Every structure is written in structure tokens, then in C-alpha cells.
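A short worksheet on the structure shown next.
The values are calculated or read from the model by the stated rules, or taken from the named source; none is laboratory data. Because the structure is predicted, anything quoted here is derived from the model rather than measured. So basically every Cβ, Gly included, is an ideal-geometry build from the backbone, and we count neighbours across all protein chains shown.
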């Protein structure tokens, strides 16, 4: 009886997972079918197959520029974040000061007050800082990260104080202590944060759309949106599928290779 | 200072750092300053700024006054009322099915083996692609006539349906995309939560004759309380802040059927250049988000049974 229930559960889950995979399956099949076949929706077409759509998509869009901008965006945000969250995380984990818990909960407010929600005032701030229509302008609202500070606070707390005390007794200064002792021990936390940050900013759309106006500053998601609206108008669904593949592929490949790392990072992104 | 410590360490018995650190503010300020500067510029500052902007009315010839005019206009705007109503339906329509489905999938795929690992991967994958990419794929899925749904439904004899063009169906279609995209994310949390449910408790209940449904209701669900405690606020945040698919697929249409609060704000700011309305709508949305997150967190907290 019990084994039976489990089997039905697995069967139902298999059916759901198959339905979940259909959009990806269609993307893969349609991107390999050149031209405008009448049965473009078919998941099991007879062919012919070819890579023409990928060549066309690459030619029609500015993918090299979009990749470069997205890499600069994700890399720039992450580089600054790693510094700010390590510093603040350490302060909240190790230093005693009046009002520490209150200031920490003020930090956590940022988990809810995320930049897309504050588009209107954030745009005004960018304009007054002369950062409108620049990549640093897209990055700036993310340089501080409440989630990162929370994660680093937990990470530093899990490191025994003995390590620090031993290093300090050996005459290490604070800078050496952080670089040689704390950061290496905090690496798992930093990696978990890096994965969440990279995924979030690679995929983000509305804020980069609003913060930038010239095509030379567009990132992949913004480029894809204008690219697909053009290709859809011509019913070039194979090219839409190929372009979508270009945007989604890098993270999908990373995810499939480092799946365990990604999943434990995502789970840590729900604050416990 | 290090020499002093060394001397202390050599002489005194307990090797602890001096406790008087608490009176030294300099390291605290230096360590927190970079975060605080950016939080000030892009989180706290903007909330104050948008609050003030929303209260400024009648900008004529550089002159302006303070008042509630923007809020009066906002509440009189049928588009805003529709966006708020839609967002309520959208939040319920995305959160309830994706949480139920995520929990069911987590229960079914709880044991780890090669087969369940593959199924989990299939369900989680949509989380990794941008919402605009999902929108691009689903634009084709919902395409009237040649699209994926119509192509296969037609083979089953179902007449053609204009999913995104029908005012009664469009919001449902947008909801379907969100459920497809986020269910895997929530499933990961439930899998992690289920790993913390002690098996001996479940086994004991089984021996006592509790059926699967009873075990779920009386043991598993209460112990998953903390998981719900952060999944529900995350899901609420997603329902209020993820509108990329609305921007690229439906532009809020047809006739406001898929207009959501953040899309309304985007429209006022980027298309109608009505800063006052956009600011007032932002204030209302932020207030709604803060209240709902707090309330849901508290309600779930009250129902939680912590393992003692």
C-alpha cells in the first residue's frame, strides 16, 4: 500500500517534470529548423535540420556587445559586493557596538526594498549622480547587499574565534588577519553569494532597461527583448529560439556542471 | 598594540582579546561605511524621496505645493484600481499553485537517486533563465494558430484559442509562466525543509496507524512551518516585483487585463512621464509589500511548531 502510493507520486512527478521541460524541448528543436516551417510547433518534426538560425540570430543581434556588457555588469557588481559584504558581515559578526541589532535590521530592509520597486526615485538619483545611461549606473544600487551581509555574518560567526586570536597573538594586523585567515575560511560563503548574485544580475531586465537608453550600453536581457520583438514580427520563430538559447545557455551550462553548488546557494538565499 | 597583547598573553592566564573593543567606534564605522553609503543612496534615500515626491502637487512655473492630490488622482484612476485587483489575483494565482505543486514535488522526489535527481533538475531549470527569455518561449507557446498549445490542442479537436489576446485568459497565461518559472525554486526550500523532518517521528506515526494524509497534516506540515515562514514572503516579493514578462509580452493588455502594480508604475514613469502618480503608486506598493510580508511572517510564525 505504502510502496504503491510512492509509485503514483513518482509517476505524477515524472509527468509534471516532462510538462516543465516542454518549452526547453521546443527551443532546442525549433532553433535547429531553418526557414519558416508551417509545423514550427512540432516537437518531433521530420527535418531538415541545420544551424542557420544560430548564424542569423548572431548576425541580427549584437550578441558580442551584449555578452560583454552583461559580463562587465555581473563582474563589476560582484567585485564591489564582495568587499562591502565582507566588511559589514565581519562588523556584525565580531564587533560589539550599541545599536548593533537595530542597524542590522535596517540593513535587512533592503531584502524587500529592491531596486526594481524603487525605479522612480532611483532613476532620479542616477541622473543627479551623472550615472544615467552608464553601466556603473545599473550596478550602483546593488553595491550594498543585505543578503550578502547576512550570509557573511553567518559565515564569520561559524569560524572559531581561536583562529583569529592565534593570528593576533602572532602579531598579525587586522588587514593580514582578514586576508590570510578570515577570507580563506569564509570562502564557502563567498562562493554561495557569488552564485546567487551572478544568477540574479545575469537574468535581470527591468532595471537595466530603465537605467540605460543607448544601444551600446544594453545587456543581454534588454537586447533579447528588442531582438525577439523584431524576429516575432517576421514570424521567424526559429531565430527567436536561437537568440533565447544564446541568452540562457551560459548559466544553464554552469548550472548543469556545478549543480550541487548552485542548489545549496539558492537554498541559502532564502533567509533562515 | 600587538606588542601590548603579546605581553598580556605571556603574562595573564586566559588568552582572550581585550573586551574594551566595544568602545572603539572607528573600526565599526570603517567597516559599515561602504554598505551604508550605498544603502543610503539607493534604499533609504529613495524611500524618503518618493514619499516627498508623492506629496508634491501642482508644479507650475517652478512653484509647487504640498498635498494629497497625487493620491486622489491615483485612487480615482480606474487603471490603478484594475492593476491592484489584477495583482491580488496574480499573487494568489501564482503563490498558491506553485507552493502546493512545489510541496507535492518535494514529497514525491524526496529520496535522492539518479531518477529523482533528473526530475528535480528538469523542474529547477526554469529558475536559471531570465524571465524575458521565458516570456520569449511562452509567446510562442501561446501564439494563436501556429503556437505550441494550439498546434497540439487542435490535434485533440479543441478549437483555436487566443490565449494572450483574450481579456479573460491573458492574466491566467501570465500566471502560468510565473508558476512554471518559480515552482522549482520553492521545491528546493521544501526539499531542504523535509530533510529536517525526523524520520523516526514519521515511522512512529505510521506504526500507530496514521495514513499518509494524516502524517502530512499532523507531522510534516507543522514541522515545515519555518520553511513556509520564509517561502511565503519570498513568493509575495516575487508577485509584486517581477513584471518582465508583462513588459515584453502583453504590455499590460489586452485592455489592462494583465496590468500589475509595478507595470503601472513603469507606465506612469516611462510612458506618461507622470512623476507624481508614479511616486504615489510606488509608496502604496512599498507599504503593501512591507505590511503583507510582516503579516504573513507573523501569522506563519504563530502557527509554527518548533521541535523542542
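List of remarks:
- Selection from segment B:243-253 of residues that are touching a helix residue (DSSP H, G or I) at 6+ places or on another chain (Cβ under 6 Å) and either surrounded by fewer than 19 Cβ atoms within 10 Å (Cβ to Cβ) or part of a loop (DSSP other than H, G, I, E, B) (or both): B:243, B:252
- All of (1) farther than 30 Å from residue A:38 by Cβ; (2) touching a residue at least 40 places away in the same chain (Cβ under 8 Å) hold for residue A:230 with one exception: (1).
- Residue list for segment B:164-175, filter: in a loop (DSSP other than H, G, I, E, B) and under 17 Å from residue B:97 (Cβ atoms): B:169
- Of residues in segment B:203-215 being crowded, with 16+ Cβ neighbours inside 10 Å and at pLDDT 85 or above, the one nearest to the other protein chains (Cβ to nearest Cβ): B:215
- The set of residues in segment A:209-222 being more than 10 Å from chain B (Cβ to nearest Cβ), surrounded by fewer than 24 Cβ atoms within 10 Å (Cβ to Cβ) and assigned to a helix (DSSP H, G or I) consists of A:215, A:216, A:217.
- Count of residues meeting criterion [in a helix (DSSP H, G or I) and within 16 Å of residue A:208 (Cα to Cα)] in segment B:229-242: 1
- Annotation note: Cβ proximity below 6 Å between a residue of segment B:23-44 that is within 8 Å of chain A (Cβ to nearest Cβ) and a residue that is outside any helix (DSSP H, G or I) (sequence gap 6+ or interchain) occurs for B:28/A:95; B:28/A:97; B:35/A:144; B:38/A:143; B:38/A:144; B:39/A:144; B:43/A:113.
- Complete set of residues in segment A:1-36 that are facing chain B (nearest Cβ under 10 Å), surrounded by 17 or more Cβ atoms within 10 Å (Cβ to Cβ) and part of a loop (DSSP other than H, G, I, E, B): none
- Residue A:83 fulfils the conditions (1) more than 8 Å from every other protein chain (Cβ to nearest Cβ); (2) under 27 Å from the mean Cα position of the chain (by Cα); (3) surrounded by fewer than 15 Cβ atoms within 10 Å (Cβ to Cβ) except for a single criterion, (1).
- Scope segment A:92-103; condition more than 10 Å from chain B (Cβ to nearest Cβ) and touching a residue at least 40 places away in the same chain (Cβ under 8 Å); matching residues: A:93
- Exactly one residue among B:145, B:93 is touching a helix residue (DSSP H, G or I) at 6+ places or on another chain (Cβ under 8 Å) and more than 8 Å from chain A (Cβ to nearest Cβ), and that residue is B:93.
- Single match in B:270, B:281 (criterion: over 21 Å from the mean Cα position of the chain (by Cα) and at the interface with chain A (Cβ under 10 Å from one of its Cβ atoms)): B:270
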